[in-house]
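Colleague: Let me begin by handing over the structure; questions about it come next.
The values are calculated or read from the model by the stated rules, or taken from the named source; none is laboratory data. Here the structure is a predicted model, which is why all the values come from computation and not from measurement. Counting neighbours? That spans all protein chains shown, and the Cβs are built from the backbone with ideal geometry, glycine included.
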Amino acid sequence: MGGSISIYHILIQKLPEKSDNAGFAACGPTSCQDDYLNWFGWLTIPMLALTAFLLIAIALLQAWRVEKQRTSL
């Protein structure tokens, strides 16, 4: 769920002409299209959030696999 929201936010930042017309960039007093952090031209806050969600999902999957192996022995 969080990864989907991160991808949505990345799309708003990368395709501002599409989001303006559809009215999707209404995030309150702060614009969702602004890049408050942009390292190396691609590393933004939504990209960091997506990376965190992916790392958490991978860690949970690995923990599940280890637990499954332990219970089957």
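Colleague: Among the listed residues Ile12, Ile45, Ile56, which satisfies the condition of being out of contact with any His (no Cβ under 6 Å at 6 or more places or on another chain) and at pLDDT 90 or above?
Modeller: Step by step, each of Ile12, Ile45, Ile56 is checked, and only Ile56 is out of contact with any His (no Cβ under 6 Å at 6 or more places or on another chain) and at pLDDT 90 or above.
Colleague: So which pairs qualify, if the first residue must be in region 35-57 and more than 18 Å from Gly3 (Cα to Cα), the second must be surrounded by 10 or more Cβ atoms within 10 Å (Cβ to Cβ), the Cβ gap must be under 7 Å, and the two must be at least 6 apart or on different chains?
Modeller: Partner pairs satisfying both residue conditions: Asp35/Gln13; Asp35/Thr44; Tyr36/Ile45; Leu37/Thr44; Leu37/Ile45; Asn38/Thr44.
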